[in-house]
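Only one structure is covered here, and it is reproduced in the block below.
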Amino acid sequence: MHNMEEAVAFPRYLPLVLERVPEAWRAIAGPITLGQVWAALALVTLIPFALAIWAALRPELAAPVWLLLLIQSTLLLNVLWHVSAAAVLFDGYAPGLVTAVLLNLPFSIYLIRRAAKENWVSPRARWALLPSAIVVHGPGISGLLLLTERL
């Protein structure tokens, strides 16, 4: 739902994003096309499905569970991004804001709390989620956009 909201909103907002994002970020990211955004959204939609299948087929493995928790932690961090972008860059709304606040925020809190309570991964692995989510949300998403440049 979140990625769909972004996909629908980005045709209108991408020019505003490119116009309002700080110059230093524009220099790093370069020009981003709507096709790149849509390709990246497709990939970040499909990857969790692949991980969920892996986790279901190999329930004894911690890696796919941790990677799914990492994605959910990144979505939790992404809520802050959407709220900040809506307030600072767009005067009230940023693509994905509604589903970030109404779906991703409560579900992320629920899932991460449940994972901790039921010890789905070790405490050490849980502590690694936040710094890993920061890397995925920042450089990871930028890298994904660069990768989609070739698609």
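The values are calculated or read from the model by the stated rules, or taken from the named source; none is laboratory data. Keep in mind that what you see is a predicted model, and the values were worked out from it rather than measured. Cβ sites come from the backbone with ideal geometry, for glycine too, and all protein chains shown count toward neighbours. Keep in mind that these areas ignore ligands, DNA and RNA; they rest on the heavy atoms of the full protein, side chains included. Shrake-Rupley method; radii C 1.70, N 1.55, O 1.52, S 1.80 Å.
Per-structure values
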item	result
Residue within the stretch 39-59 that is at pLDDT below 95 and charged (D, E, K, R) present	no
Answer from Val98, Val135 - the residue that is exposed (fewer than 15 other Cβ atoms within 10 Å of the Cβ) and either modelled with pLDDT of 85 or more or in a helix (DSSP H, G or I) (or both)	Val135
Residue count for the stretch 44-89, restricted to those that are part of a helix (DSSP H, G or I), free of Cβ contacts under 8 Å to residues at least 24 places away in the same chain and either open to solvent by 20 Å² or more (accessible area, probe 1.4 Å) or among the hydrophobic types (A, V, I, L, M, F, W, C) (or both)	21
Qualifying residue in the stretch 16-30 (condition: open to solvent by less than 40 Å² (accessible area, probe 1.4 Å) and part of a helix (DSSP H, G or I))	yes
Hits in the stretch 101-126 (condition: surrounded by 11 or more Cβ atoms within 10 Å (Cβ to Cβ), without any contact (Cβ under 8 Å) to a residue 24 or more places away in the chain and more than 19 Å from Pro64 (Cβ to Cβ))	Val101, Leu102, Pro106, Tyr110
